[in-house]
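Everything on this sheet refers to the single structure shown next.
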Amino acid sequence: MPIHICSTCGTSYPDADAPPSRCPICDDERQYVPRTGQSWTTPEKLAGGHVNAWRQLEGDLFEIHTQPQFAIGQRALLLRTQSGNILWDCISLLDDATKTLVRALGGLRAIAISHPHYYTCMQDWARAFDCPVHLHAADAEWVMRADPAVSHWDGETLQIAEGVTLLRLGGHFPGGTVLHWADGAGGHGAILSGDIVQVAADLGRVSFLWSYPNMMPLAAVTVRRIAAALAPWRFDRIYGAFPGRQVMSGGGRAVERSAARYVELLGGSQA
Ligand SMILES: [Zn+2]
Ligand SMILES: [Zn+2]
């Protein structure tokens, strides 16, 4: 029996004769069910019509993105460190080519994921590379396929390798996490931010939403708290959830400015 993958969000569900009747991730207001109804695929069907494309973003950072686009369309990032590779965020498609290429790069030391929309097929990636998946405990209810590789962490920060630290910022999800990479951007530091700090279209701003598909904002107090939590961390670059979405320099100032403007608009008096 195959596992079942939601075609709208990419989340995987346990193997069964038939797909589940609903996808709780898509039923939530932070995602959506298409008007045409929910549809499902399997790993085999997905691999039959899609491939993973790779791009080297900087010396030790690779993007892995499924083409044609599948579900939400996020990228996974493979980060090389002295002590092994880390996969940041995850995608549903793990095909033979991707397994071979990741193994050729030295396999994975750990997987870390920003929030439940990108849990996808983390269980299969963890099994293929025999590594743990670090998820924030505040979002534990959103794991749809329990797996011994899932390791829930609590608190505000977790160092998972030398110079690689997970920061819980919350917002979009209570356990919403970004990854701080001290050696990124040529030693100036980088943040891998998923949907938690969303890189905007002008590549110089970021935004923060409760629901991206349904365009629902966060409270001013939450946005202020996110900006304050990032302020002590040194970073110049922000790699967002989607291909092409990165703030290449001035990332720290971009977060500060964007958060201030967001709060101003929420409390503003424009008609
Ligand atoms: Zn779904
Ligand atoms: Zn999301």
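Would you check if there is a residue in region 129-151 being in contact (Cβ under 8 Å) with a residue 60 or more places away in the chain and either away from ligand 1 (no atom under 16 Å from the Cβ) or at positive phi (or both)? If you could, list the steps in order and put the result at the bottom.
So the first thing to find is which residues in region 129-151 are in contact (Cβ under 8 Å) with a residue 60 or more places away in the chain, and the list is 142, 144-145.
Still in the list and also either away from ligand 1 (no atom under 16 Å from the Cβ) or at positive phi (or both): none.
Scanning region 129-151 turns up no residue that is in contact (Cβ under 8 Å) with a residue 60 or more places away in the chain and either away from ligand 1 (no atom under 16 Å from the Cβ) or at positive phi (or both).
Restricting attention to region 119-140, and to residues there that are out of contact with any Phe, Trp or Tyr (no Cβ under 9 Å at 6 or more places or on another chain) and within 17 Å of residue 10 (Cα to Cα), which single residue is most open to solvent (accessible area, probe 1.4 Å)?
If we filter region 119-140 for residues that are out of contact with any Phe, Trp or Tyr (no Cβ under 9 Å at 6 or more places or on another chain), which is where we start, we get 120-130, 132, 140.
Subsequent filtering for residues that are within 17 Å of residue 10 (Cα to Cα) retains 120-126.
Values: 120: 3, 121: 3, 122: 1, 123: 6, 124: 40, 125: 0, 126: 3 Å².
Checked region 119-140; the qualifying residue most open to solvent (accessible area, probe 1.4 Å) is 124.
Taking region 2-27 as the search range and keeping residues that are surrounded by fewer than 16 Cβ atoms within 10 Å (Cβ to Cβ), free of Cβ contacts under 8 Å to residues at least 40 places away in the same chain and not polar (S, T, N, Q), which one is nearest to ligand 2 (Cβ to nearest atom)?
Looking at the filtered set, the residue picked out is 27.
How many residues are within 16 Å of ligand 2 (Cβ to nearest atom), in contact (Cβ under 8 Å) with a residue 24 or more places away in the chain and farther than 23 Å from residue 97 by Cα if we restrict to region 28-70?
5
Identify all residues within region 199-213 that are within 18 Å of residue 174 (Cβ to Cβ) and touching a Lys or Arg at 6+ places or on another chain (Cβ under 8 Å); write none if there are none.
The first filter runs over region 199-213 and keeps only residues within 18 Å of residue 174 (Cβ to Cβ), leaving 208-212.
Selection gives 210, 211, 212.
Out of all the residues in region 42-58, which are among the small types (Gly, Ala, Ser) and under 23 Å from residue 3 (Cβ atoms)?
To start, the set of residues in region 42-58 that are among the small types (Gly, Ala, Ser) comprises 47-49, 53.
Selection gives 47, 48, 49.
The values are calculated or read from the model by the stated rules, or taken from the named source; none is laboratory data. If you're wondering where the values come from, they're calculated on a predicted model, not measured in any experiment. In this analysis, Cβ positions are derived from the backbone assuming ideal geometry, glycine residues included, and neighbour counts consider all displayed protein chains. These accessible areas exclude ligands, DNA and RNA; they are computed on the full protein's heavy atoms, side chains included. Shrake-Rupley method; radii C 1.70, N 1.55, O 1.52, S 1.80 Å.
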